[in-house]
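Q: Before I ask anything, here is the structure I am working with.
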Amino acid sequence: MLETAFKISSIVLQVLGLLSAAVGLSNTFKDSSDSGDRFFTRVMVAELGVARQLWFGVKRLSRRLFGRPRPRMITGRLGAAMEVGLVGSARGIVQFGPLPDPAQDPDAFKAAVEDRLNRAFKLAQDVQHDLGQEAKARQQEDQEIANDLQARLTALDEEAKRKTIRGLHEQVLGLFCVAVGLAVQSILDLAY
């Protein structure tokens, strides 16, 4: 009577352990896979791939051992690929108006040249200032994006760890139950 109770409890522990491990594997897969992705479909695809590789390996080995000829593969080109690219650019010239004749009015020529140089210098300073402001704004935006991205990656990493650990707890509990059930069954086999 006691022996039967131990056998039944060991079988129940093993079945519960296997079910818990299966639930843990399924939960880990659900938490870490895309929605709509099926566990057994992906597992069977992987298993079929392994079986196919083993079959081709056995066929290759048997061809080498028994000297059967290898199948011939013939390749050919049907046509040549063409690639066409188009690059365009536009150019423009911004100019000042005509300068006074230096021979007729040297002071007016000198004043016009100084005015143009001053305007060009001010324009260059304005452009340099605007570029500096734009560079600062871009650096600030880049830093904000980097901080936001780092925060998102950290949150996703923590969530993935939490989900994986939940499934691992169930798997470990299941394997522990299987181990206890096997230990009880082994003790019964040795004792009786």
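The values are calculated or read from the model by the stated rules, or taken from the named source; none is laboratory data. Values in this document were obtained by computation on a predicted structure and should not be read as measured data. Don't worry about glycine lacking a Cβ; one is built from the backbone with ideal geometry, like all the others, and counts go over all protein chains shown. Just the protein is used for accessible areas: all its heavy atoms, side chains included, with ligands, DNA and RNA removed. Shrake-Rupley method; radii C 1.70, N 1.55, O 1.52, S 1.80 Å.
Q: Which value in nm describes the separation of the simple spin-label points at Ala137 and Lys122, placed 7 Å from the Cα toward the beta carbon?
A: 2.3 nm
Q: Output ³J(HN,Hα) for region 175-189: one whole-Hz value per residue in order, computed from phi by the Karplus curve 6.51 cos²θ - 1.76 cosθ + 1.60 with θ = phi - 60°, and x for Gly and Pro.
A: Once θ is set to phi - 60°, the couplings for region 175-189 become 5, 5, 5, 4, 5, 5, x, 5, 5, 5, 5, 5, 4, 5, 5 Hz.
Q: Given a 1.4 Å probe and heavy atoms of the protein chains only, how would you sort Phe66, Phe56, largest accessible area at the top? Numbers along the way, then the final one.
A: On the way: Phe66 155, Phe56 100 Å².
Descending order: Phe66, Phe56.
Q: Given the Cα-Cα distance of Lys59 and Leu19 and 0.36 nm per residue of separation, how much length would full extension add, in nm? Don't skip to the end; give the middle numbers.
A: On the way: separation 40, 0.36 × 40 = 14.40 nm, distance 3.83 nm.
Length gained, Lys59 through Leu19: 10.6 nm.
Q: Please find the FRET efficiency linking Ile11 to Leu190, where r is the Cβ-Cβ separation and R0 is fixed at 22 Å, and quote it to the nearest 0.05.
A: Details: r = 17 Å, r/R0 = 0.78.
Result of the calculation: an efficiency of 0.80.
Q: Can you tell me how much longer the chain between Asp148 and Leu99 gets when fully stretched, taken as 0.36 nm per residue apart minus their C-alpha distance, in nm with one decimal?
A: Values: separation 49, 0.36 × 49 = 17.64 nm, distance 5.56 nm.
Here the segment from Asp148 to Leu99 would lengthen by 12.1 nm.
Q: While we're here: How charged is the neighbourhood of Ala108? Take every other residue with its Cβ under 15 Å from the Cβ of Ala108, and add Lys/Arg as +1 and Asp/Glu as -1.
A: Values: positive: Lys110, Arg116; negative: Asp101, Asp105, Asp107, Glu114, Asp115.
Local charge sum for Ala108: -3.
Q: What is the diffusion coefficient of region 142-192 in µm²/s, taking the Kirkwood radius over Cα pairs and the Stokes-Einstein relation at 37 °C with a viscosity of 0.692 mPa s? Don't skip to the answer; put the middle values down first.
A: Details: Rh = 14.3 Å.
This corresponds to a translational diffusion coefficient of 229 µm²/s.
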